[in-house]
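Comments concern the structure below.
The values are calculated or read from the model by the stated rules, or taken from the named source; none is laboratory data. From a predicted model like this one, the values you see are computed outputs, not experimental measurements. Positions of Cβ are generated from backbone atoms using ideal geometry, with glycine treated the same way; all protein chains shown enter the neighbour counts.
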Amino acid sequence: MSEARHLTISAPFVADVRRALNHLYDPAALRGNPLIQLFSLDPDEDEVSALRQLLLSAIEALKPSQAAPAQSQEWRYYQILLHRFVEQFMQREVAHTLGLSIRQLRRQETQALRELAAYLWSHYHLAERMETANTNATTAITVSREEELAWSQNSFPSESAEAGPMLQAVAQTVLPLAKLLQVQIEYSIPEWLPQLAVQVVTVRQALLSALTTAIRLVPGGRITVAAEVQRQEVQLCISGTGQSLPSLRRQEEESIEGLAIAQQLVSFSGGRLELTLAPGNRAAFAIRIALPTVKQWIVLAIDDNPDTLALLQRYTSGTRYHLVGVREPEQTLKLAEKLHPQVIILDVMLPGIDGWELLGRLRAHPKIGHVPVVVCTVLPEEPLALALGAATFLRKPLSRPILLAALDAQVEGIG
């Protein structure tokens, strides 16, 4: 690493590189950085992710070969860039890890940044670009964070989005950071989640900020990401535990700003974000995020015949109803508590638990007793079904119009 000694590099450019690295996982800050314009990143693509990847790749390009001495200056600069900006550790922590004083670290960090800037300057031929642009790239109009957030709020429409694939994409994005900090992440996500009614771009960035914050809070620890459906919301909980680190308080204070931005981004879609810290153990926390869903009625169907469940799925496909089928009647109460269905369809000839008995349990349950139950069977037992508390009765075989009409009658008037 010696390019910095032989190149004349624009001081504003070095400052922009430092600013981008300091906010490497802050989408709002990165989007306003002049480097996006300087590197000609496509605004129609995800220029924030592109800039982050460009900087990460540049740091990795400075990694010395295994033949380089472990105590060489090249390795020291690379380690500083890795720990300070890729892993986002505080200066005090990095100084302790590398056996430096704060003063020594700051001096070497400045030089490491110049080496990185020199690599970017040379590799991307920025002198020519700067000359062509007459240095406008590094003197671009500054956009405040408040202006950037206001622009985001007004620029992205609310649309329907699949919650599962969005969470999977965010999980894949943070995986390298989790590996670097040796954080284990466990996911407890239901197979089905309702569609979200959100600003996709801002919510995705908010989820990314929340998860990266969680990772940084518990290096070497464990994080659990769980999701459940509550009424008309998908509720996420990112909880973590880690070692009790002396510097954790400083990490928390640094992370509050990122979570505050994520909180604003979530609010643009009518959602909520809250951070809870466990008393007496600063290494335990929970980030709870609630996101609104598309208005869709959940129908829980209990039938041990897979063909019947497949038929009901086809009948409700493309409608305002989302049908969740259950073949094991023992799971009914637990799943109903979890999903909060608006309607339950129940066959009465079931293995293990008699359907009539299950109907009685459903009607007596304190949390789901109000949910209308549609008894659907080949047996001619409509009077018995209604006497035991069923909302209506359907005789098999049934047609699609009859099923949808019965469901419509049950959800009519529900807010």
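Please go through region 371-415 and give me each residue that is under 39 Å from the mean Cα position of the chain (by Cα) and of a type in the set (S, T, N, Q), ordered by number.
Gln410
Name the one entry in Val324, Val348 that is closer than 22 Å to Leu196 by Cα, at pLDDT 85 or above, in contact with a helix residue (DSSP H, G or I) (Cβ under 7 Å, 6 or more places away or on another chain) and not assigned by TED's automatic domain parsing to the domain that holds Gly221. First the steps, then the outcome.
Numbers: Val348 fails: closer than 22 Å to Leu196 by Cα.
Result of the check over Val324, Val348: Val324.
Report whether or not Ala364 is loosely packed, with under 13 Cβ neighbours inside 10 Å and of a type in the set (Gly, Ala, Ser). Explain how you work it out, then say what you get.
Working: loosely packed, with under 13 Cβ neighbours inside 10 Å: yes; of a type in the set (Gly, Ala, Ser): yes.
Yes; evaluated as a whole, the condition is true for this residue.
Test Pro292 against the stated conditions and say whether it is closer than 30 Å to Thr212 by Cβ and either surrounded by fewer than 17 Cβ atoms within 10 Å (Cβ to Cβ) or touching a Ser or Thr at 6+ places or on another chain (Cβ under 8 Å) (or both). Break it down into steps so the answer makes sense when it comes.
Values: closer than 30 Å to Thr212 by Cβ: yes; either surrounded by fewer than 17 Cβ atoms within 10 Å (Cβ to Cβ) or touching a Ser or Thr at 6+ places or on another chain (Cβ under 8 Å) (or both): yes.
So Pro292 passes the test.
State whether one or more residues within region 101-108 are surrounded by 13 or more Cβ atoms within 10 Å (Cβ to Cβ), in contact with a Lys or Arg (Cβ under 9 Å, 6 or more places away or on another chain) and polar (S, T, N, Q).
Yes, region 101-108 contains a residue that is surrounded by 13 or more Cβ atoms within 10 Å (Cβ to Cβ), in contact with a Lys or Arg (Cβ under 9 Å, 6 or more places away or on another chain) and polar (S, T, N, Q).
Name the pairs whose Cβ atoms lie under 8 Å apart, with the first residue in region 72-83 and in the same structural domain as Leu24 (by TED's automatic domain parsing), the second in a helix (DSSP H, G or I) and small (Gly, Ala, Ser), and 6 or more positions between them or separate chains?
Once the first residue is in the same structural domain as Leu24 (by TED's automatic domain parsing) and sits in region 72-83, its partners that are in a helix (DSSP H, G or I) and small (Gly, Ala, Ser) give Arg76/Ala112; Tyr77/Ala112; Tyr78/Ala112; Ile80/Ala112; Leu81/Ala112.
Scan region 170-201 residue by residue and report those that are in a helix (DSSP H, G or I) and either under 25 Å from Leu82 (Cβ atoms) or not assigned by TED's automatic domain parsing to the domain that holds Gln232 (or both). Before you say what the answer is, go through the steps one by one.
Of all residues in region 170-201, those in a helix (DSSP H, G or I) come to 170-180, 200-201.
Residues satisfying the conditions are Val170, Ala171, Gln172, Thr173, Val174, Leu175, Pro176, Leu177, Ala178, Lys179, Leu180.
Yes or no: Ile298 in contact with a Leu (Cβ under 8 Å, 6 or more places away or on another chain), more than 28 Å from Ile238 (Cα to Cα) and hydrophobic (A, V, I, L, M, F, W, C)? Break it down into steps so the answer makes sense when it comes.
Working: in contact with a Leu (Cβ under 8 Å, 6 or more places away or on another chain): yes; more than 28 Å from Ile238 (Cα to Cα): no; hydrophobic (A, V, I, L, M, F, W, C): yes.
So Ile298 does not fit the description; no.
Return the only residue of Ala133, Ala117, Ala112 being in the same structural domain as Arg31 (by TED's automatic domain parsing), modelled with pLDDT under 75 and surrounded by 15 or more Cβ atoms within 10 Å (Cβ to Cβ). Before you say what the answer is, go through the steps one by one.
On the way: Ala117 fails: modelled with pLDDT under 75; Ala112 fails: modelled with pLDDT under 75.
On inspection, the qualifying residue turns out to be Ala133.
Could you pull out every one of the helices (runs of 4 or more DSSP H) wholly within region 13-92 that has 1 or more residues that are within 23 Å of the chain's Cα centre (by Cα) and not aliphatic (A, V, I, L, M)? So that I can check it myself, show each step before the final result.
Numbers: elements: 27-31, 35-38, 47-61, 73-81.
Of the helices (runs of 4 or more DSSP H) lying wholly inside region 13-92, those with at least 1 residues that are within 23 Å of the chain's Cα centre (by Cα) and not aliphatic (A, V, I, L, M) span 27-31, 47-61.
Do the conditions hold for Ser122, that is, is it at pLDDT 80 or above, small (Gly, Ala, Ser) and out of contact with any Ser or Thr (no Cβ under 8 Å at 6 or more places or on another chain)?
Working: at pLDDT 80 or above: yes; small (Gly, Ala, Ser): yes; out of contact with any Ser or Thr (no Cβ under 8 Å at 6 or more places or on another chain): yes.
Answer is yes for this residue.
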